[in-house]
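Colleague: Just dropping this structure here.
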Amino acid sequence: MQYTQEQILKLAPDSSSASAGSKLATPAKWVAMHAHKQALWGDCQGSGKNPYKTKIDLQNIAFKCSCPSRKFPCKHGLGLFLLYAKNPDIFSKEENLSDEVAEWLNKRTNRAETTQVKKDKPVDEVAQQKRITAREKKIQAGIEELQVWLQDVVRTGIMNVPQNHYQFTKNIAARMVDSQATGLANQLKEINKINFYEEGWQKFLLKQLAKTYTLTEAYQNIANLPEDLQEDIKTLIGWNIPKEQILEQPAITDEWLVLSKTLEEENNLTTEKIWLYGSKSKRFALILNFHAMQQKPSNLLTEGLYLEAELCFYPSISPLRALIKSQSDVKSITEIAHLEGQNIAEAANYRSEQWIKMPFNNEIPLLLSEVSLAHTEGDWALIDSENNYLSIHNSAASCWQTMAVSEGKKFTCFGLYQESSFQIHSILINQKFYFVL
Amino acid sequence: MNPTEEIIKTALLGTDRYVPSEFGEIQPFVDKLTQKQDNKEALFLKSSFAYFLYTEAGNIPPKQENESLVCPPESLEYLAQTTTENLKSCFTANDDEIILYIIQKCYQANKLIPPELVIPCLQKALSNKNNASMFLKVCGERGAWLCQLNPEWQKLTMLTDTEVISGEDVWETGNFEQRQTYLADLRQRNPSEATEKLSMVISQENAATRLGFLEILTLNLSLDDEVFLISLLNDKSQKVKKLVYHLLLKIQGSQLNTLYLRHIQKTFIIQDKKGLLSSKKNLVIDKSVIPSEEIFSTGIDKVSSQKGFEDELYWFAQMLAYIHPNILAKETGVNELDLLELLMNSKEGKFLSAYILENTLNFEYQEWALALISKHKLTDIRLLELLPSAKAEDFYGKFMESNMYGFVNYLQTQKDLFISLKSGKEIIDYLIKNPYSLNKAQFKSLALVMDKALLPTLYEVAQPKGELNYQMKHLQTNLIEMIQTIELRETLVF
C-alpha cells in the first residue's frame, strides 16, 4: 500500500521522532535501500561504526531496527518509510526477500500461529474456577468498602472536596485496585478529570459518585440483568475476558475506516483508542490498546485509512469494543465518497436508546451528517438542517481547524457524546477526510 | 427551587443536614425505591443517578437559527499535492526555514495552501509580522474570512498590501505598523504628500512613533523636506533630534549641509606634487581652520577618543561623511574614484576610512563600495548590500573569512538570490575548515539558495568515512540536512 508522508509522520511516537525521521529521509544517510512488495529494508549510517539495519513489513505495517532506540517506530524506520513515500524509484527493486528480512517476516507469522497454539492448550477449569471465586470475594469486599465510602461522602456533603480534590479518591481508588476491581478504580479516577475551578463541578462530581454507587448495586444484582448487560457491568467492575475467548466469537469482515486515533497517558500506561466504522456493516468498532512504557504498539493505523479486516466484538448489550482477528490490507484513499450519518435530533434519540440499554455508557459514538459549525460568544456548537443545536467541547484550536476545513458549510462528522456535550474527532467534507481533534 | 438545585444543595450540605423535597418527574420511581431502601444516602445516590440520566436522555436538542457564515469561494488554485505533502511534513517538524521558503514561492506563484494548513499558517503569520501579509495571502479567501471571525487574527487582515494602499483610513485609525507601511508606500509614490501628512500629525505622536515615521523620510529625501525637518530641530527627544540632524545633513544643499561643505572647502586642499617625469596629486587637510559654533551645534563630536586621531581631523572626518562623493569631486576637480584613493592612501587615511565608509553608506555610492571592498579590503557587510548580486558574488570568499555569520544573514535578506556552483564550493570549503561558524537554521537557509549542481560535492563531503571526530560529525549532519533541503527544493512544484 502507499502511505502518504503525513500518514507516516502520524505513526511517529512523538514530534521529535517525526522530526528526526524526516531528517533521515534522504539517500545520503542510507548505504542500502531495497524494496519488495512485502517489505522495505535498508542500512542507515548512524553514529556507530556499523550501519543500522532497518526493516518495514508493508503488509501489516511493522518496523524492526537494529538501533538501540526505545521508541517505536524509531527514526530510522520512519526515515526509510518517508524516503520510500517520497522517492520509491531510488530503492533497488527486489524479486526475493533477503534472508534476514524473510526470517523476520516468518517470525512475525509464526508468532501469530503460536498465539493460536496457546489458545488450543487445555484450561484447568477447576483451578480457574477457584481463582474466579477468590477474586469474586475480593471484589465483593471492595464494593462494600466503596459503598460505605460513597455514603459517607454524601452524608457529610461535597462542599469541601475542591479544597483537597487531588487526594479525594486516592486512597479508595487504591483500595479498589487491591480488591481487583480496577474498573471501579477507573470510575473513581474519572473524578480527577473534573475541573473544580469551573462552575458546575458539583453536578459532575455528584453524577460520577451516583453512577459509581449505582454500578456497585447493579453488580450485586447482576443475576437479575439481561445476559449482555451482565457482561457490560462485569467489564465496568474490572473483569476481563481473555482475548482468545473473544477471537473465538464470529467475526465481522468489512472494510473499516479509521475514524479517529487518540492516545491517553497515565502513570506510564498509554491507552490507544482507535474508532473504526464498517463500510458495509455500518457499525462502529473500538480497538483499545494498552502500552506500558517500553511496549510496542501492535498495529500502526492512522486516521483516514481503510482497513480490510475481520473484527471480533466483546460481548455487550451494544457491542463496540473489538479485536482485530485478521487483516488483509490497509488502503490509503484520498477521497471518501460518502458516510451516512444522522441529524442531531436522530442522534439524540439514538443516544437515549443507548442509555436505556446501558445506563452506564460513558461515550457514545455518533456520525452526524449535514451539520455546520456555529460560533457565538466563545461557544461552539453544531447546527443541523433543521436548526437543531448541539454544543461541542472541542478545544478552541480544534474548533477553528474544523471551521477552516469546513468553510462554514455543511459536513459529516464523527465524534463522541460525553458528559452532556459532543466532541468532534474527524470530519468529512468535499470527499476529504480530516482529523480535527 | 427546581429538582436539580435541590439535589445539588443536598450533595453540597450532606444528607445529614438536608434532604431533597422532590425529584421532579422521576418522583414515582424514587417513591418505589424508598419503599425498598432504608439507607437515605444510598437512596439519594441512586435517585440522583436516575434523575440526571432521565433529564439528559430526555433532552430535546434546542433550536437555533444559524447565521450562514460561509467562506467566499476561492479564485486561485491550490498547491500541487506533492508540495502540499512536503509543506505538511515541514509543519509537523516545525521546519521554519523551509516553511517560509515554500510560502514565499506559493505567494509568488499565486497559489493557495490546502485548507488543513490555513490555521497553522495564520499562527505563523502572527509570530512573523514581517511576512504576515504573505502568509495571509496564501491562505486565500478562507484565511481572510477566518480573520474576520477570530479577533486574534483580525489584525492580520490590516497588514495585506492592497488594504494598506487603498485604505486611506489606515493613516487615521491604523496601528503603528499599518501607518508606517502606509507612509512608506506614500513616500515612495508621492514624497511631498507623505511629508505633508506627517507634518500634520507629528506633534501629536509619542517619541518612538515620531522616530519610526521620520526614518521613512530617508526614502526619496530631498531639499523639499528641509523646511519640515528644520521645524523639528527643537524636538524634546534626543533620538528624534539626532535623526533630524542626520536627515538634514544628508540633504545636499540644505543649510546645515552647506555649512559642512563650506568647512570642507576651506580645509580640503589638493596639491599637485611635481616629480621628475610626472606630477602627483597630494591631499592636504588644513587643520588650522576651526569650525564655527553653529557647526558644533549640529551634533559634531568635539573630542576624539581614538589615539592619534587629532580633534581637528576628527571634525573634518565627521563632516566628510555627509558630502556626496559627486560634490566632493566637483569641488576638488578630481574624479570620485581618484578622490577616494587620495583619501584612503593619505597619511590620515586609516582615521578617515570609517567616515568614508559612512559616506558610501549614506549615499549608497556603488563605485566607492566596490573600490573599498576590492582595493582597500573593507569587509563591512553593508558594503556588499550596495553591490548588484552578480558583482557581490565575486567577494563572497572575502566576507566569509571576516564574518561568516553576518555574511549568511546578508544572503538571507537578498531577494531571489541564487548561489552559483563556484561560490557554493567556496562556502563548503570554508565550512569544512570552520564547521561551527553557522547554526543549523543557517545551514538550511544556505541550502535553499544553492545551485543543485553542488549536490555531488555535498554527497562526497557528507559520505561516511570511518570514525569521525565530533567536528566532522557536526558538519556531516548539517551537510546531510543541506542535501535534503536542496533535494526537497527540487521536488517542489508551484
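Colleague: Please give the average number of partner chain Cβ atoms lying within 10 Å of the Cβ of each residue in A:150-157, rounded to a whole number.
Modeller: Rounded to a whole number, the mean comes out at 6.
Colleague: Hey, for a label at residue B:94 modelled as a point 7 Å past Cα toward Cβ, could you say which residues of segment B:114-132 have their backbone N under 18 Å away?
Modeller: Once the point is set 7 Å along Cα→Cβ of residue B:94, B:119-129 turn out to lie under 18 Å by backbone N, inside segment B:114-132.
Colleague: Need one word for segment B:16-149: rounded, prolate or oblate. Basis is the Cα gyration tensor (sqrt eigenvalues a ≥ b ≥ c); a/c below 1.5 gives rounded, then a/b vs b/c decides.
Modeller: Cα axes put segment B:16-149 in the prolate bin.
Colleague: Return one number: the angle in degrees, 0 to 90 and rounded to the nearest 10, between the long axis of the Cα atoms of helix B:96-108 and the longest principal axis of the Cα atoms of chain B.
Modeller: 80 degrees
Colleague: Continuing with this model, one more query. How about residue A:49: which aspartates and glutamates have a C-alpha closer than 19 Å to its C-alpha, ignoring those fewer than 8 places off in the same chain?
Modeller: B:460, B:467
Colleague: Which of the lysines could a cross-linker bridge to residue B:274, judged by Cα under 21 Å and excluding same-chain residues fewer than eight apart?
Modeller: B:347
Colleague: Something else now. So what's chain A giving for Cα Rg divided by 2.2 N^0.38 Å, two decimals? Could you put the intermediate results ahead of the total?
Modeller: Values: Rg = 24.2 Å, N = 437, 2.2 N^0.38 = 22.2 Å.
Computed over Cα atoms of chain A, the ratio equals 1.09.
Colleague: If I build a Gaussian network model for chain A, linking alpha-carbon pairs within less than 10 angstrom, which residue out of A:256, A:201, A:239 has the largest mean-square fluctuation?
Modeller: A:201
Colleague: Evaluate E = 1/(1 + (r/R0)^6) for residue A:279 and residue B:394, where r is the Cβ-Cβ distance and R0 equals 60 Å; express this FRET efficiency to the nearest 0.05. Mind dumping the intermediate values first?
Modeller: Values: r = 65 Å, r/R0 = 1.08.
After rounding, the FRET efficiency stands at 0.40.
Colleague: For peptide B:2-15, what's the mean number of Cβ atoms from other chains within 10 Å of each residue's Cβ? The partial results should precede the final answer.
Modeller: Details: counts 0, 0, 1, 0, 0, 5, 6, 2, 4, 13, 8, 4, 8, 5.
Other-chain Cβ atoms within 10 Å of each residue's Cβ, averaged: 4.
Colleague: Going down the list B:425/B:452; B:422/B:452; A:410/B:155, which pairs span over 18 Å between their C-alpha atoms?
Modeller: Details: B:425/B:452 12 Å; B:422/B:452 12 Å; A:410/B:155 28 Å.
Pairs exceeding the cut-off: A:410/B:155.
Colleague: May I ask for the equivalent-ellipsoid semi-axes of segment B:336-494, computed as the square root of five times each C-alpha gyration tensor eigenvalue and listed largest first in whole Å?
Modeller: On the way: eigenvalues 248, 60, 26 Å².
Semi-axes, largest first: 35, 17, 11 Å.
Colleague: Still on this structure, I have one more. Rounded, prolate or oblate, given the Cα gyration tensor of the protein assembly as shown, with a/c below 1.5 counting as rounded?
Modeller: Here the protein assembly as shown falls in the prolate category.
Colleague: Could you calculate the FRET efficiency of residue A:288 with residue A:253 from 1/(1 + (r/R0)^6), where r is the beta carbon distance between them and R0 is 22 Å, rounded to 0.05?
Modeller: My answer for the efficiency is 0.60.
Colleague: Please list, by residue number, everything in segment A:165-191 whose backbone N is under 19 Å from a paramagnetic label point 7 Å out along Cα→Cβ of residue A:137.
Modeller: Output list for this probe position: A:176-182.
Colleague: Here is a follow-up. Against the empirical 2.2 N^0.38 Å scaling, what ratio does the C-alpha Rg of chain B come to?
Modeller: Computed over Cα atoms of chain B, the ratio equals 1.51.
Colleague: Peptide B:39-45: average number of partner chain Cβ atoms within 10 Å per residue?
Modeller: 6
Colleague: Pairs A:211/A:357; A:137/B:32; A:138/A:203; A:193/A:234; B:241/B:302: which exceed 20 Å Cα-Cα?
Modeller: A:137/B:32; A:138/A:203; A:193/A:234
Colleague: OK, next. Under 13 Å from the Cα of residue B:287, which aspartates and glutamates turn up, not counting those fewer than eight places away in the same chain?
Modeller: By straight Cα distance, residue B:287 reaches B:310, B:311, B:312, B:348.
Colleague: If you don't mind, there's one more thing I want to ask. Rounded to whole Å, give me the distance from the Cα center of segment B:104-129 to that of segment B:12-61.
Modeller: Taking the Cα centre of each part, segment B:104-129 and segment B:12-61 sit 55 Å apart.
Colleague: Same structure, new question: Would you please classify the overall shape of segment A:13-87 from the alpha carbon gyration tensor, given that a ≥ b ≥ c denote the square roots of the eigenvalues, rounded means a/c under 1.5, and beyond that prolate means a/b larger than b/c while oblate covers the rest?
Modeller: Note, shape of segment A:13-87 comes out rounded.
Colleague: With a cut-off of 8 Å between alpha carbons and a minimum separation of six or more residues, what is the relative contact order of segment A:362-437 in percent?
Modeller: Relative contact order here is 33 percent.
Colleague: Taking the Cα-to-Cβ direction at residue B:306 and at residue A:355 and moving 7 Å from each Cα, how far apart do the two end points lie in nm?
Modeller: 8.4 nm
Colleague: For labels at residue B:234 and residue A:190 in the simple 7 Å Cα→Cβ model, what's the distance in nm?
Modeller: A separation of 7.7 nm, rounded to one decimal place.
Colleague: If you average the C-alpha positions of segment A:42-109 and of segment B:410-472 separately, how far apart do those two centres end up, in angstrom?
Modeller: 29 Å
Colleague: Report for chain A the percent antiparallel among DSSP-assigned beta bridges with both residues inside it, nearest 5.
Modeller: 95 percent
Colleague: Quick check: the angle from helix A:201-220's long axis to the longest principal axis of chain A, C-alpha only, nearest 10 degrees?
Modeller: 90 degrees
Colleague: Could you tell me the calculated FRET efficiency between residue B:2 and residue B:242, based on Cβ-Cβ distance and R0 = 60 angstrom, to the nearest 0.05?
Modeller: It comes out at approximately 0.25.
Colleague: What are the ³J(HN,Hα) couplings of segment A:406-419, residue after residue, when phi is run through the Karplus curve with 6.51, -1.76, 1.60 and θ = phi - 60°? Round to Hz, x for glycine and proline.
Modeller: Whole-Hz 3J(HN,Hα) from phi for segment A:406-419: 8, 6, x, 8, 7, 8, 9, 9, 10, x, 10, 8, 9, 6.
Quick note: the coordinates plus some simple rules give every number you see, no bench work behind them. Please read all numbers here as calculations on a predicted model, not as lab measurements. Every residue, glycine as well, gets a Cβ built from its backbone with ideal geometry; the counts of neighbours run over all protein chains shown.
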